[in-house]
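S.K.: Got a structure for you, questions after.
Derivation of every value follows stated rules applied to the coordinates shown; laboratory data play no part. Since this is a predicted model, take the numbers as computed values, not measurements. Glycine also receives a Cβ, built like all others from the backbone with ideal geometry; neighbour counts cover every protein chain displayed.
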Amino acid sequence: MTGKKKGASKVDVNEALLENFVSLQKVLTNLTLRFEELSGNVGRLLELFEISAKSFADKGASPASVDQEFLKKLDSLLDQNKTISKGIMMMEDRIRGRGGVPRQEVQGFRRPIPR
């Protein structure tokens, strides 16, 4: 009886190995197809970057003018931030004024006096 079990188990093991090998081949084939698709997508992305770089160069936008524009926007943002900060400080003064907590102005900004 043990001979039949060994023979039967060898057949089962061989069939399981064969099924696993076939499944592995299917997975590797699918993986290969996905890599080919990924390679194509990366190629198209590189083409898009090249086209964008050429378009940017053709427009004649010099880095200095882009930097100047950026700096102007940054200055405007800083000015807006100062205005908002002053408004918040004024609101805080009103709220603290009701509570009677004094404040001191330091370098254009208001800070509470330490106790």
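S.K.: Label-point separation (nm) for A53 and L31, each offset 7 Å from Cα along Cα-to-Cβ?
M.R.: A separation of 3.3 nm, rounded to one decimal place.
S.K.: For the pair S76/I88, report the inter-label distance in nm, with labels modelled 7 Å from Cα in the Cβ direction.
M.R.: Placing both labels 7 Å beyond Cα along the Cβ direction yields 2.2 nm.
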